[in-house]
Amino acid sequence: MRAIGVQTYGGPDQLTQVDLPDEPLGPGQVRVRVRAAAVSPTDTLVRSGARAEGTTAPDVADVPGMDVAGTLLEVGPGTGTALAPGDRVMGIVVPSGQHGAYRDEVVLPVGSVAAAPAGSSDAEASTLPMNGLTARLALDRLALAPGQVLAVTGAAGAFGGYVVQLAKADGLVVVADASEADEQLVRDLGADDVVRRGEGFADAVRALHPGGVDGLADGALLAEAAVPAVRDGGAVATIRGWTGDGDDRLRYHPVMVRDVAEDQAALDRLRQQAEDGVVTLRVADVLPATEAAEAHRRLEAGGVRGRLVLDLS
């Protein structure tokens with residue numbers, strides 16, 4: 001089994017092709033032939049060892065990757081699903097050790113897999129599961145009503161872009177950040193108002209909404225610099241586990257996608273919304289799996305719009 005992983009944590013050049021055994025297939029699981037794996041910031045944390053519980057041994061590989069698309073190969077015994085071998089599918093992977101998306105084949109809980117959006121390429125489909133589910137979870141935790149105002153940081157990124165589009169589908173008013181170069185992109189995603197990213201974000205939002213917005217989805221990890229944009233009693237959805245600045249003025253909701261990694265209904269809803277044009281599948285570039293190190297270098301350099309995708313076909 002070919003995989004791309006690390007045997008020593010470190011920079012992008014630590015990524016290398018490794019041979020791993022097939023994963024066993026049990027009840028409630030399916031086996032997917034991976035054709036495409038999207039590259040996300042979480043992958044760089046796996047590679048660098050930032051999420052490691054210990055150190056890897058020379059004969060063990062940590063395999064990054066949280067998003068796959070490809071073909072369903074096999075359904076485990078006693079597994080109820082409408083999917084069948086040969087179907088084009090997409091799925092979310094919760095990486096752990098050798099279990100990651102950068103593999104020729106991966107075994108997943110059946111709830112983590114849904115049909116790929118009709119008309120999408122494998123590369124496009126691979127960009128949806130993790131960021132789409134995270135964006136959906138953030139909005140569900142914020143629980144804003146139609147007509148309320150949501151601020152979004154990191155709106156040009158994959159997570160932020162899905163938040164903007166899904167929020168508009170939910171009937172929210174969206175004010176989002178963008179650099180000058182990304183402003184048209186963010187407007188095209190559906191933002192009602194766009195303010196400059198970075199320093200001054202909260203003041204710019206308050207200039208548009210003097211009483212403060214009802215909620216904030218902080219994809220850019222601005223943390224304390226962004227929360228003044230939110231009115232007293234408002235809600236903040238955070239990523240990377242941030243739980244707030246210690247005051248009780250706002251409600252904080254750290255969002256962990258693993259909480260919904262087996263929510264097949266949510267994943268299938270995203271599939272339908274992609275088919276309906278509610279969300280846009282954005283691929284920045286497709287690289288051979290053997291160029292995973294280059295993909296990580298480009299991602300860490302910043303400025304990537306859409307997802308870099310590894311081709312494992």
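The values are calculated or read from the model by the stated rules, or taken from the named source; none is laboratory data. Here the structure is a predicted model, which means the values were calculated and not measured. Reconstructed Cβ throughout: ideal geometry from the backbone, glycine too, with neighbour counts over all protein chains shown.
Of note:
- Condition met for D19 (out of contact with any Gly (no Cβ under 6 Å at 6 or more places or on another chain), loosely packed, with under 15 Cβ neighbours inside 10 Å and within 18 Å of L312 (Cα to Cα)): yes
- Of all residues making up segment 254-298, the number that are within 25 Å of A3 (Cα to Cα) and of a type in the set (S, T, N, Q): 1
- Qualifying residue in segment 263-272 (condition: acidic (D, E), surrounded by fewer than 16 Cβ atoms within 10 Å (Cβ to Cβ) and in contact (Cβ under 8 Å) with a residue 12 or more places away in the chain): yes
- Of the candidates L83, L25, the single residue that is under 24 Å from the mean Cα position of the chain (by Cα), in a loop (DSSP other than H, G, I, E, B) and surrounded by 15 or more Cβ atoms within 10 Å (Cβ to Cβ) is L83.
- Residue ID - modelled with the lowest pLDDT, chosen from residues in segment 86-97 that are in contact with a strand residue (DSSP E or B) (Cβ under 7 Å, 6 or more places away or on another chain) and outside any strand (DSSP E or B): G97
- Residue, surrounded by the fewest Cβ atoms within 10 Å (Cβ to Cβ), within segment 50-80, restricted to residues that are at pLDDT 95 or above and farther than 20 Å from P27 by Cα: G70
- The listed residues are T71, T44, and the only one of them that is of a type in the set (S, T, N, Q) and in contact with a helix residue (DSSP H, G or I) (Cβ under 7 Å, 6 or more places away or on another chain) turns out to be T44.
- Positions within segment 238-287 being at pLDDT 95 or above, more than 17 Å from the chain's Cα centre (by Cα) and charged (D, E, K, R), in sequence order: E275, D276
- From D188, D177, residue being among the acidic types (D, E) and either free of Cβ contacts under 8 Å to residues at least 24 places away in the same chain or under 30 Å from T81 (Cα atoms) (or both): D188
- The number of residues in segment 177-229 being surrounded by fewer than 16 Cβ atoms within 10 Å (Cβ to Cβ), in contact with a helix residue (DSSP H, G or I) (Cβ under 7 Å, 6 or more places away or on another chain) and under 27 Å from Q273 (Cβ atoms) comes to 0.
- For segment 298-313, residues that are more than 19 Å from S120 (Cα to Cα) and surrounded by 15 or more Cβ atoms within 10 Å (Cβ to Cβ) total 3.
- Top-ranked residue of segment 230-252 - restricted to ones that are farther than 18 Å from A176 by Cβ and in contact with a Phe, Trp or Tyr (Cβ under 8 Å, 6 or more places away or on another chain), ranked as surrounded by the fewest Cβ atoms within 10 Å (Cβ to Cβ): T243
- Residue check, G219 touching a residue at least 12 places away in the same chain (Cβ under 8 Å), under 23 Å from V304 (Cα atoms) and touching a Phe, Trp or Tyr at 6+ places or on another chain (Cβ under 7 Å): yes
- Filter pass, A156 being within 30 Å of P95 (Cα to Cα) and either touching a helix residue (DSSP H, G or I) at 6+ places or on another chain (Cβ under 8 Å) or in contact (Cβ under 8 Å) with a residue 12 or more places away in the chain (or both): yes
- Residue check for T153: crowded, with 19+ Cβ neighbours inside 10 Å and either at pLDDT below 95 or closer than 28 Å to G233 by Cα (or both): yes
- Some residue of segment 182-203 being touching a Leu at 6+ places or on another chain (Cβ under 9 Å) and under 30 Å from L108 (Cβ atoms): no
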